[in-house]
Amino acid sequence: MCVKIKNGLALFFSCFLLLCGMSCKKNAPVFTRIDLSDSVEYIEAPPGYMLGDMIRLENDFKPLEKKDMSNLLGLLEDKNNYLWLRIRFDVPKEMQNSDLGLFIGYLHAADRAWFNNSSIRTYGNFPPNAVGAGYQAQYFMFPRNIIKQKETNTFLIQVWTGISVSISDQIFLGQQMDIARTAERRSFFNSKIYLCAAVMMLLIFVLYFFLYIKMRKFEESRTYLYFGLLVFYSIGFLLPFYIAEIPWIKPVFINYLGILKYFMCFGAYTAIYFASSFITNWLRYRETKKVIIIRLILWGISVIGTFVVPTQKQLITYSAIWMLVSLCQLFFCMPKLFRAFKDNTRRSLARQCLIGYSPTIIGIVLDLFIRFVLGNRNLPFFSLYGWQLTLYVFLLYLMSRFAQMYMHSTKLKEQLTEFNAHLEDVVAIRTKELSETNFILSRGLESVAHVQNNFLPKKDTTFRGWELAVSYQPLDNDVSGDLFDYYYTERNLNGFGIFDVSGHGIPAGLMTILAKSIISQNFLNGIAQNQSMSDVLKEINDSYIKEKSNVENYITGLLFHFSRFDKNDSCDIELANAGHPAPLLYTRKTEEIKELKYEDPNEQYGILGVEGLPVSFPPVNFKMGVNDVLVCFTDGLTEAFNSESEEFGKKRLSDVLAENATKSAEEIKEAIILAHKEFTGKQKPFDDLTLIVLKRTLSKDYLEEI
């Protein structure tokens, strides 16, 4: 194996050296260049002026300084005028009697040129069908028969100023072979490479749109769709960079300003929109309707603001503003990226996202440094190269995802084939294992459920001056983490509590058994010592932490203490709340429903069973007269969801209570449970549910049970 690897490496390096040797030519030509960037002159003239007028005004030309080359429009007094550029040069002896050419790094405008009063070449189109020259390099060839070998030669360029105009400071005279090679090389990096990228992106768009169509039933398909659309609109954004290379693709019904609006600007804004959507879906988050609407508004502002601009000069000015507005969409996905780095399940996705966009970020930084710090405008836009790399990186990531999905599917298929081959044996073994496990589990559940049923108070218990109705619905096989209890003497209700132990099933059920004993003991001791319910809850907290040892769970709950009825048959009640949903009180006299909360929410905090957690359970005191109703519940009632992911909530609970407050406690309870079932429909419950309805009755009407 090692020998094969060594032979392969030797063959590779041999071919590499051979190619390098073939690419080296002996006696490579040495070209002479004459820098003419300091020889440029300019004059401003109305659109109707032609070559003859420039000959007449030849003494009015002014020198063009290099600092003004990046903004030729700033030289014009009347923005509707044209600009004429002139370069005059003498041919040095070593270049005489040769075919020469003039190279200009770029001239972002439509222009036509004359050499020694002879028209030689035009870039772009002048009005009425105006089209800029694009981003390709400009060069002009001078046959030796039109070159003045002993006299000064004059090169004139008429420049259309309907767009933002700038000219490169890299201007030189040289042999035609050198000029052609330099222009081809510059045009490749400034425009041709974007044409190649556009073709590749079109293929990528077709590929991922096809994947979306085939996989649209799966959540992953949205990522493919957004990536495909992101690539598609990037093609339109790049169109002005490569349109000069294939002028036949230019729509005949649209001018150059329209191309910039409908392709470059619209493509950029839309690509940014789908980039934000792609990042969000890549990280496997979902956007709310509110966020989508806000992002569409930002996109619409940018698009409308661009389309209403009447001229290209104004478009250049205002497009930066609309681009910033459009970039605001990224503020909705960037927090998700930072949040994903803190999530173990999404950290690798966030890392891939950052790696994917790093070429674009690096390119933007390089462009800003080179153009604004170094002042060099001859180099191409590195941010556009970075964007191409970003697309290819994500292309590789998505291809890798698809390959993993395919491999996983193939593996599952192989496992399924193997499983089917031994199906009967596997089914028999699994059936036996499941039967044994279910038997052990069912015996454990039955034991815990039996204990719970024995220590929980009877639901049909009656008390003097009270109607009581209870709904107790465990989540897992009659074993619940909810707990309720009454404290009474001689059928006089002294207090009751409702508590919710964290978790479900057997673990939570076992902890309720421990908690009930601690709560009952501390309540009775507290009443005997005239303690407030706040102090009783604190004693319960300390005892529970001590007794449960290292078990990781906690309890929320309500604890009530009832006084004797006064001469008006009214009852004073004290409530302490340990992080539990606040109960509802219906007052018959005012027909009002309110939550029983402490007046300052900041002073009520903490739960039971968490060591070192500060707690504060200030008392809430209130009265209940005849026909008043108290409703207590666990969060399995109010936090239940329907198929639309809406919560049942306290508002619906209050509405049901208001409609049925005049009925008996049992009827109120049944009305609430019915409303809850109709709301949740076929949605499975996610938590235990306990509901207790207490309604005041005339205490003198109470009859002892026989």
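The values are calculated or read from the model by the stated rules, or taken from the named source; none is laboratory data. Small disclaimer: the values here were computed from a predicted structure and weren't measured. Here the Cβ positions follow ideal geometry from the backbone for every residue, glycine too, while neighbour counts run over all protein chains shown. Ligands, DNA and RNA are excluded from the accessible area calculation, which covers all protein heavy atoms including side chains. Shrake-Rupley method; radii C 1.70, N 1.55, O 1.52, S 1.80 Å.
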- Reachable lysines from LYS336, criterion Cα separation under 24 angstrom, eight or more residues apart if same chain: LYS289, LYS290
- Using a 1.4 Å probe on the protein chains only, how many percent of the accessible area of the stretch 637-698 belongs to carbon and sulfur? 50
- Task: Put one equal scatterer on each alpha carbon of the stretch 535-577, apply the Debye formula with no solvent term, and list log10 I(q)/I(0) at q = 0.17, 0.25, 0.31 1/Å to two decimals.
- Result: -0.60, -0.89, -1.08
- How much accessible area per residue does the stretch 149-196 have, in Å², with a 1.4 Å probe? 37
- Task: Provide, for q = 0.21, 0.23, 0.24, 0.27 Å⁻¹, the log10 of I(q)/I(0) from a solvent-free Debye sum over equal Cα point scatterers in the stretch 485-549.
- Result: -0.89, -1.02, -1.08, -1.24
- Item | Phi to ³J(HN,Hα) by Karplus 6.51 cos²θ - 1.76 cosθ + 1.60 over the stretch 32-48, Hz, x for Gly, Pro | 9, 10, 10, 6, 10, 5, 8, 10, 7, 10, 9, 8, 9, 8, x, x, x
- Message: If you roll a 1.4 angstrom probe over the protein chains with everything in place, what fraction of the accessible area of the stretch 101-196 belongs to carbon and sulfur, to the nearest %?
- Response: 50
- With a cut-off of at most 12 other beta carbons within 10 Å, and DSSP calling the residue loop, which trypsin sites (Lys or Arg not before Pro) in the stretch 545-592 qualify? Please list them. ARG564, LYS567, LYS589
- Task: Using only alpha carbon positions, build the gyration tensor of the stretch 528-613, then give the equivalent ellipsoid semi-axes as the square roots of 5 times its eigenvalues, largest first, whole angstrom.
- Result: 29, 17, 10
- Within the stretch 638-706, GluC sites (Glu not before Pro) in DSSP loop having at most 15 other beta-carbon neighbours inside 10 Å: GLU639, GLU644, GLU646, GLU704, GLU705
- Show me 398-411, 499-512 ranked by packing, highest mean number of other Cβ atoms within 10 Å first. 499-512, 398-411
- Message: Would you calculate the convex hull of the Cα atoms in the stretch 102-243 and tell me its volume per residue in Å³?
- Response: 133
- Loop sites in the stretch 252-346: trypsin sites (Lys or Arg not before Pro), DSSP, at most 16 other Cβ within 10 Å: ARG284, ARG286, LYS342
- Query: Taking H as built 1.01 Å from N, whose amide H comes closer than 5 Å to the amide H of PHE142, not counting residues under 5 places away?
  - Reply: LEU100, GLY101, LEU102
- Using Cα atoms only, what is the angle between the long axis of helix 176-187 and the major principal axis of the chain, expressed in degrees (0 to 90) to the nearest 10? 10
- Item | Karplus 3J(HN,Hα) series, Hz, for the stretch 524-538 with 6.51 cos²θ - 1.76 cosθ + 1.60 (x for Gly, Pro) | 5, 5, x, 5, 5, 9, 6, 7, 6, 5, 4, 5, 5, 4, 5
- Residues meeting the amide H criterion for HIS108 (H placed from the backbone, H to H distance under 5 Å, 5 or more places apart or on another chain) are SER166
- Task: Using label points projected 7 Å from each Cα along Cα→Cβ, tell me how many nm separate GLU595 and LYS148, to one decimal.
- Result: 9.2
- For the stretch 552-706, restrict the atom set to alpha-carbon positions and state the Rg and Dmax in Å. 17.0, 51
- Sorted by packing (mean other beta-carbon atoms within 10 Å per residue), highest first, where do 549-557, 514-522 land? 514-522, 549-557
- By how many nm would the segment from SER517 to ARG347 grow when fully extended, if each residue of separation counts as 0.36 nm and the alpha-carbon distance is taken off? 56.7 nm
- For the Cα atoms of the chain, what angle does the longest principal axis make with the long axis of helix 2-23, in degrees from 0 to 90, nearest 10? 40
- Message: I need the calculated FRET efficiency for the pair ALA180 and LEU330, taking r as the beta carbon distance and R₀ as 51 Å, to the nearest 0.05.
- Response: 0.75
- Under 5 Å, built H, 5+ apart or other chain: amide partners of ASN494: TYR487, TYR488, THR489
- Task: May I ask you to derive the FRET efficiency for LYS290 and ASN642 from their Cβ-Cβ distance with R0 = 22 Å, giving the value to the nearest 0.05?
- Result: 0.65
- Item | Cα-derived Rg to Rh of the chain, Kirkwood definition | 1.22
- Query: Within straight cross-link reach of LYS623, meaning Cα distance under 18 Å, which aspartates and glutamates are found once same-chain residues fewer than 8 apart are removed?
  - Reply: GLU467, ASP566, ASP569, ASP572, GLU574, GLU591, GLU592, GLU595, GLU599
- Task: Please give the contour-minus-distance gain from PHE189 to ASP99: 0.36 nm per residue of separation, less the Cα-Cα distance, rounded to one decimal in nm.
- Result: 29.8 nm
- About the Cα centre, charge dipole magnitude for the chain (Lys/Arg +1, Asp/Glu -1 at Cβ), debye: 3720
- Take the alpha carbon atoms of the stretch 283-298, find their center, do the same for the stretch 535-582, and report the distance between the two centers in whole angstrom. 44
- Query: For the stretch 563-624, which semi-axes, largest first and in whole Å, follow from the square roots of 5 times the eigenvalues of its Cα gyration tensor?
  - Reply: 28, 14, 9
- So which of LYS589/LYS669; LYS516/LYS538; LYS516/LYS695; LYS516/LYS546; LYS458/LYS700; LYS342/LYS650 end up more than 26 Å apart by C-alpha? LYS342/LYS650
- Note on the structure: Rounded to the nearest 500, the 222 nm mean residue ellipticity computed for the chain from DSSP H runs (n ≥ 4, each -39500 (n - 2.57)) alone is -15000 deg cm²/dmol
